[in-house]
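Accompanying notes for the structure given below.
The values are calculated or read from the model by the stated rules, or taken from the named source; none is laboratory data. Being a predicted model, the structure only gives us computed values, none of them experimental. Please note: Cβ atoms are built from the backbone with ideal geometry, for glycine as well, and neighbour counts cover all protein chains shown.
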Amino acid sequence: MNFDFSDDQKQLRDQARKFLAEKCSPKAVRVVLDGKAPYDKELWKGLAEMGFLGVAIPEEFGGAGAGHLELCVIAEEMGRANAPVPFSSTVYLAAEALLIAGSDAQKKKWLPAIASGEAIGTLALFEGKGNPSPKNVKLTAANGVLNGVKKPVADGAIADFAVVAARTGSNGRDGDISLFLVDLKAGGVEVKNLTNLDPTRGQAEITFKDCKAEPLGAAGEGWSILTQVLDRAAVLCAFEQVGGADRALEMGRDYALDRIAFGRQIGSFQAVKHMLADMYVSATLARSNSYYGAWALSTNAAELPEAAAAARISATQAFQHCAKNNIQVHGGMGFTWEFDCHMYYRRANTMALGLGSLSYWEDQLIDRMRKKNAA
Amino acid sequence: MNFDDTPQEAEFRATARAWISANAPKQYEEELRKSSLGRTQLKNANILEVAKAWQKKKADAGWACLHWPKEYGGRGASPIERVIWQQEEGPFGKLSHMFIIGHGMCGPTMMAFAREEHKRKYLPPLASGEKVWCQLFSEPAGGSDVAGLRTRAEKDGDEWVINGQKIWTSGAHYSDYGILLTRTDPTVPKHKGLTMFFLDMKSPGVEVRPIKQASGASDFNEVYFTNVRIPDHQRLGEVGDGWNVSLTTLMNERMSIGAGVSTGFPELFEYCSSLMLDDGPAIEDRAVRSKLANWAVKASGLRYTSMRAISALSKGERPGPENSIGKLVAGSMIQDVATYALDLQGAAGVVSGPEDAEVAGRFQAMLLRAPGTRVEGGTDEIMRNIIAERVLGLPGDIRVDKDVPFNKIPTKGR
């Protein structure tokens, strides 16, 4: 058994960590946090040059042709650095949707552009309140054009193209949904920036008005493709969350060692020690669940749906828990704009919702466990 | 990343599987499989006898204490082979329960500190289960604060004379030998005046009194020592070095990997899968599903954490500290799981007799046994201290009694 990343993959992780430590310091993140730029363009370019954007994209489409395990270790570092770039939208959602369902021409058009950093992609799924569900998709597709409103769309204001979920039937079932590919720079869309919890990652409302779109995958297959995309993204996001949780734990630990109160390091008080120990516990559980998700993703195992849901829940909980208690360890300073704690708190709570909420994934997990038991 | 055995591991697994299949007491397999925390008896047999017979059979064929050297009754197997054995032994591994302390703690301590002739004499029958060992550390005045123990050992010629009391001694009532931590010098700070021995539990002056637990069962004992004499050659380590010797024992306890802590989750999931609530199947209820999902990811998180440690063993590396979370997570989880299972039963949850209770009262038994799991082998609070200090590198507690002679430490708060 080797339930661990290989030495090469660990080396890649170290390389990514070093690169991000240099190019994505908290100071750099703050440029986007303070609204001075919509995302870190320099960093995005650098990630492309390092080959990180296309690490899981096959070589024939301009990528490095490594694999999902390599993408997992990079994802962890992106989360640790709280990188203010559209990595998850472009790489986990748009690229994966193309890899699963794209025609050769679609892949040729967009995947090399993703790998080189020229194209930012996203998934336009949500339409206001609610979780991923065919019945929440109201935007319509007919005669090659889309009409409707998507919000929130992660990185929607900076995206060059979007994978859009649209209603093509009215049976009230999965088969009603089809996916479309939309070039957002080609007109037919209105994009409005939405103020959101985590300013280091934009959210937008996109209105489609007779917007030209080409089908992605077969008609009526949209929901089945989306489910696969969301499962893959759940695992990859889990690694970002694990990276973020670890960083938040480290920040809390470091502060507890540094800060003196009542004449001693606050980290010597059991109330603080035990809080940090509990953070370590949730981060460890999340990491282990995510490793299993990585294995299932990289081998395209039948266990992927269950593993993805478990990784998603565990990593969401861990990042929220660590980010929240990191602030608590810092006391009043943790609640200032000046300290970095709130950046992780914002990111943790944003990531907890992006692919569907915790309660949605809890429901999914139990469904999938039942299916496995029945099989 | 894969879950495959190496060729050598696969070969070892096949050999182990074949031997188990031909030799295990299969008539108890189903009952053992269904047993859970607080409920591990066999209906028509004495589990201690079945366990001893299975252990002896394993020892005769070279399958006992796999990681011990052959000359001491083991197999000289690698850590990963030990884990593979545990995986293959499956429910029959539950029969090893009565040997855990002896094999996991007393044996390794003897191996590290006993004289060669003692090792050759005592370790093989310990491995084969013919002799059972217990560990006499905790005292009324020293639980989490083990070094606060008060049992005295005083030198008298070539012997030591023991007086005092131990408590929470698992299995003392069926043990043949024990390792015993005593105070030999009360005039120095508490960690410095301790000395370790091993002794025959049948020695004159040893009295074992079972403790009736909150669950009604009796797994633990009080052990009283009145002028018990132990020859000096049964001392383990130097006089005054007992604390370091005991750390060896405790390290071994925490290093045991792959034993698989029980969380109660498989039992609860199985139960909810068939349970009907007023509004329909429990498994379709939103609230139930949310609870289940939260416990599911804890259980799987522990499972894969343990697999990460096993992978390290497989590569010949030392596992990281992540395995230290197992008992802490599982202990309170199984308590919560049992509480929730009863909640789902409504008023009927109060009935605990196996004949009348829901699913033979397994969750009631679990509930009553669960508080002990959060205390034994290091309380939740001690486990958190260990994680905070050894894993995260936070400072140790400020110890007001650290440099005070033991006999000057206050014994009452008011």
* Yes/no for A:Gly63 being assigned to a loop (DSSP other than H, G, I, E, B), surrounded by fewer than 17 Cβ atoms within 10 Å (Cβ to Cβ) and more than 14 Å from every other protein chain (Cβ to nearest Cβ) -> no
* Asked: So which residues in segment B:1-21 are free of Cβ contacts under 8 Å to residues at least 60 places away in the same chain and more than 8 Å from chain A (Cβ to nearest Cβ), if there are any at all?
  -> B:Pro7, B:Gln8, B:Ala10, B:Glu11, B:Ala14, B:Thr15, B:Ala18, B:Trp19, B:Ser21
* Is it the case that segment A:116-126 has a residue that's out of contact with any Gly (no Cβ under 9 Å at 6 or more places or on another chain), of a type in the set (Gly, Ala, Ser) and at pLDDT 95 or above? -> yes
* **Evaluation of B:Pro91 against (1) surrounded by fewer than 19 Cβ atoms within 10 Å (Cβ to Cβ); (2) free of Cβ contacts under 8 Å to residues at least 40 places away in the same chain (one fails), failing number** => (2)
* To do: Determine which member of the set B:Arg308, B:Arg318, B:Arg286, B:Arg303 is surrounded by fewer than 16 Cβ atoms within 10 Å (Cβ to Cβ), within 14 Å of chain A (Cβ to nearest Cβ) and either under 30 Å from B:Ser78 (Cα atoms) or in contact with a Gly (Cβ under 6 Å, 6 or more places away or on another chain) (or both).
  => B:Arg318
* Asked: Somewhere in segment A:239-247, is a residue closer than 26 Å to B:Gly320 by Cβ, assigned by TED's automatic domain parsing to the domain that holds A:Val329, surrounded by fewer than 24 Cβ atoms within 10 Å (Cβ to Cβ) and free of Cβ contacts under 8 Å to residues at least 12 places away in the same chain?
  -> no
* To do: Scan (1) more than 7 Å from chain B (Cβ to nearest Cβ); (2) buried (at least 24 other Cβ atoms within 10 Å of the Cβ); (3) touching a Leu at 6+ places or on another chain (Cβ under 6 Å) for the single condition A:Gly293 breaks and write down its number.
  => (3)
* Structure fact -> When every residue in segment B:22-44 that is touching a helix residue (DSSP H, G or I) at 6+ places or on another chain (Cβ under 7 Å), surrounded by fewer than 16 Cβ atoms within 10 Å (Cβ to Cβ) and without any contact (Cβ under 8 Å) to a residue 40 or more places away in the chain is compared, the one farthest from A:Gly67 (Cα to Cα) is B:Lys43
* Could you identify the single residue in B:Gly361, B:Gly349 that is more than 14 Å from chain A (Cβ to nearest Cβ), part of a helix (DSSP H, G or I) and modelled with pLDDT of 95 or more? => B:Gly349
* **Index of the failed condition, A:Phe339 passing every other in (1) out of contact with any helix residue (DSSP H, G or I) (no Cβ under 7 Å at 6 or more places or on another chain); (2) of a type outside the set (A, V, I, L, M); (3) more than 12 Å from chain B (Cβ to nearest Cβ)** => (1)
* Failed item in (1) part of a loop (DSSP other than H, G, I, E, B); (2) within 30 Å of B:Asp145 (Cβ to Cβ); (3) in contact with a Ser or Thr (Cβ under 9 Å, 6 or more places away or on another chain), with B:Gly377 passing the rest -> (3)
* Being at pLDDT below 95, among the polar types (S, T, N, Q), in the same structural domain as B:Arg374 (by TED's automatic domain parsing) and more than 22 Å from A:Ala374 (Cα to Cα), is that true of even one residue in segment B:258-268? -> yes
* Limited to segment A:206-238, what total is found for residues that are over 14 Å from A:Pro305 (Cα atoms), crowded, with 19+ Cβ neighbours inside 10 Å and touching a strand residue (DSSP E or B) at 6+ places or on another chain (Cβ under 7 Å)? -> 9
* Tell me, yes or no, whether segment B:183-197 has at least one residue that is in contact with a helix residue (DSSP H, G or I) (Cβ under 7 Å, 6 or more places away or on another chain), crowded, with 20+ Cβ neighbours inside 10 Å and over 25 Å from B:Thr411 (Cβ atoms). => no
